[in-house]
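FYI, it's all coordinate maths here, none of it is from the lab. Predicted model only: the values in this text are computed from it and were never measured. In this analysis, Cβ positions are derived from the backbone assuming ideal geometry, glycine residues included, and neighbour counts consider all displayed protein chains.
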Amino acid sequence: MTLLENAELFAKSKHAGKLKKSGITYSNHLENVVSRLKSLGIIDEEVLCAGWLHDILEDTDTSFDELFEKFGRRIAVLTLSLTKTKFVIDTDDDSTLSLTKKRAIPEKQRQKEYAVKIKESEIDAKLIKLCDISANLGDLKKQIISKTKKRKILKKFRYYLLIIEKDLVENTEYPKAITLLETINQNIQIQTQNMIKIKKNRHKNILKK
């Protein structure tokens, strides 16, 4: 079994039976991300492995050490750079168990720290993030959610794109990434405009009544 096949099998096993917030299975999402990476011309096996594994530290019980031991340093570090930290050791706890107690990180702080991590990550991690956003954006079109929630998600996607786009534009190895970046920005704009149109139409209908 190749390293890539092992990463795919490991990811599907760890995410088995789980759904993302969008309702899509993790397996389908990960397949969509890796497919997009390949469409950019990426053949680096370790980058493709990280594509399969990019959600595994955040959304399963897999540890960094386990990932490091199984797939090596580069894949483990790439995956870590795409992972939001959910908990920290609660050093303010005075009990004797303070070293083992964890404290949940507030969502805003998580997003801020994750943004810094993405910004400082290597170009390969940014390419994976680009494909992750593209896959998530495609799923968003199928979701039935409130306009407020959808607007919030689109804003988050645009925020991450602003962080990674400079390095993506300057990178000449994968020119198709620029096309994907432009397509994502256009899709975000279209979905945002569609929400505005729906809101205006509803307002007009209310006034007619």
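For the chain, what does the helix formula give at 222 nm: sum of -39500 (n - 2.57) over DSSP H segments with n ≥ 4, over the residue count, nearest 500 deg cm²/dmol?
Rounded to the nearest 500, the figure is -22500 deg cm²/dmol.
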Once the Cβ-Cβ distance between Glu182 and Ala104 is put in as r, and R0 is 45 Å, what FRET efficiency do you end up with, to the nearest 0.05? 0.75
Report, to the nearest 10°, how far helix 176-208 tilts away from the longest principal axis of the Cα atoms in the chain, using its own Cα long axis and a range of 0 to 90°. 40 degrees
Can you work out the PRE-style zone for Glu122? Point 7 Å along Cα to Cβ, and I want the residues of the stretch 155-196 with backbone N under 16 Å. 168, 171-174
Rounded to the nearest 10 degrees, what's the angle between the helix 123-140 long axis and the longest principal axis of the chain, both from Cα atoms, 0 to 90? 40 degrees
Mean separation of Cα pairs under 8 Å and 6+ residues apart, divided by the residue count of the chain: what relative contact order is that in percent? 19 percent
Under the 7 Å Cα-to-Cβ spin-label approximation, Ser35 and Val169 lie apart by a distance in nanometres of 3.0 nm
